[in-house]
1. When only residues in region 162-172 that are modelled with pLDDT of 95 or more and open to solvent by 10 Å² or more (accessible area, probe 1.4 Å) count, which is nearest to G269 (Cα to Cα)?
2. Of all residues being among the β-branched types (V, I, T) and part of a loop (DSSP other than H, G, I, E, B) in region 388-409, which is farthest from the chain's Cα centre (by Cα)? Just the residue, please.
3. Hey, among T332, T325, T344, which residue is modelled with pLDDT under 95 and of a type outside the set (K, R)?
4. Assigned to a loop (DSSP other than H, G, I, E, B), open to solvent by 60 Å² or more (accessible area, probe 1.4 Å) and either modelled with pLDDT of 95 or more or small (G, A, S) (or both): which single residue out of E193, E184, E151 fits that description?
5. Suppose we keep only residues that are open to solvent by 60 Å² or more (accessible area, probe 1.4 Å) and farther than 19 Å from Q368 by Cβ within region 117-127. Which one would you say is modelled with the highest pLDDT?
6. Could you figure out which of (1) over 12 Å from the mean Cα position of the chain (by Cα); (2) over 25 Å from S145 (Cβ atoms) isn't true of I362?
7. Condition first: under 26 Å from I273 (Cα atoms) and open to solvent by 40 Å² or more (accessible area, probe 1.4 Å). Now tell me which residues in region 319-347 satisfy that.
8. Where in region 210-264 are the strands (runs of 3 or more DSSP E), entirely inside, with at least 2 residues that are within 29 Å of G282 (Cα to Cα) and within 13 Å of the chain's Cα centre (by Cα)?
Amino acid sequence: MDFLNSAQDVVRCTLCQNPEDLMYCEVCYISLCKDCAEKYTFVSENHTAVTHKQYLTNCTVRSLVDDPRCGSLSALSFTTEEQDYSIPPHGAESSPLDRSQMNVPQFGSLSALSFTTEEQDHSMPPQGAESSPPDRSLMDVPQISTTLDTEYGYLYGVTCVTCNDNEVWTCGNENTMKLYNLQEELLKSIQTESGNEPRDITVTKDGNLVYTDYKKGTVNLVKKNSNIQVAISLQAWKPLSLCTTSSGDFLVVMDNNHNEQVKVVRYSGSTKIQSIQFDDKGQPLYSSPGYTKHICENRNQDICVSNSRDHAIVVVNQAGKHRFTYNGPPYTPPSFFKPFGIATDSQSRILTADRDNHCIHILDQDGQFLRYIDNCDLQLPWGLCVDTRDNLFVAEWYTRKVKKIQYYT
């Protein structure tokens, strides 16, 4: 049996496939046997190892807390030095964009897809959206054009350099971010100011590297001279992942573990101009604080967030209104879908790394599943980015390789 790709199998160690004496990392969502757990970097404060029995117990407790039959949280309110975090009443919406402060089957069926959507007029693009490029056709057989072997123990992220399609920044389980060219040459290494692992990285339109420091609660900008400055400093919240938008803003996914809240905040420079947290019924759009999430902006200004623990891609429009949630193709249970990295391309298609199923999902901008990329010998794909020519870069967690994939004709 192919236990890497088959659903009919016991839980096994992610690294060596041993099914016995398993531990579980509640940050990376991986199962490890006793031997592999001793080698894995649990010494990092960003990682927590528990037995599988304890993990299942934790899941049960979290489910009870979230279960409406166990009491209402509608009256919960607390105050920090930053602001009041009262959960809004039924019907409350996320805050709108405020710029006044600025300084398998290869094709699926839309009618059968397992996502929810709200009506929206798409007859005209939103203000600021880019004009549509010429239509491009997906390749029948995507091809690997380049493979880079990085020097991390485990590789988490990759981001394209906006002004140079020949270079990519990477990050992994150490406090150093590395810039490679496609000839596999290490061009530069930048160590985080705090010595903590970067949780996520992105690049600004003018080519500056930006990273999140989850433990310290900061978003940091690396200047061209390698000097690091704090761009955003948070108090009660912790930044998970981020992206740069077409307008030059930052979108940051952050959580507050104390009250189990997750939100997306838009910044212009260091100024907060928008917060997205609840749908128009007052229900949280995002959940599972502390767990890995990724974010990107689509060409139509939609904001896409992947949440592997919830097996979901949540997409809202520029104003923060929920458009749809994608839980995988209709012929697979949502629990099999484990989205990590997420990216979009010139056709407004959404690509996400389904780590545990070793493939990439390609969706259209409305959440319709189009096809998989599952022929490039992907192994635990984690981070994703797409360059200006629609080449896909995939960061593989365990092999620590970056694969450049051509998927358009």
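1. First pass over region 162-172, keeping only residues modelled with pLDDT of 95 or more: 167-172.
Remaining after also requiring open to solvent by 10 Å² or more (accessible area, probe 1.4 Å): 167, 169.
Working: E167: 25, W169: 21 Å.
Among residues in region 162-172 that are modelled with pLDDT of 95 or more and open to solvent by 10 Å² or more (accessible area, probe 1.4 Å), the one nearest to G269 (Cα to Cα) is W169.
2. Checking each candidate, the answer is T409.
3. Details: T325 fails: modelled with pLDDT under 95; T344 fails: modelled with pLDDT under 95.
Being modelled with pLDDT under 95 and of a type outside the set (K, R) holds for just one of T332, T325, T344, which is T332.
4. Every option except E193 fails the conditions.
5. Here the answer is Q127.
6. (2)
7. A319, K321
8. Counting at least 2 such residues, we get 238-244, 250-256.
The values are calculated or read from the model by the stated rules, or taken from the named source; none is laboratory data. Remember, it's a predicted structure, so these values are computed and weren't measured experimentally. Positions of Cβ are backbone-derived with ideal geometry, glycine not excepted, and every protein chain shown enters the neighbour counts. Quick note on the areas: whole protein, heavy atoms, side chains included, nothing else; ligands and nucleic acids left out. Shrake-Rupley method; radii C 1.70, N 1.55, O 1.52, S 1.80 Å.
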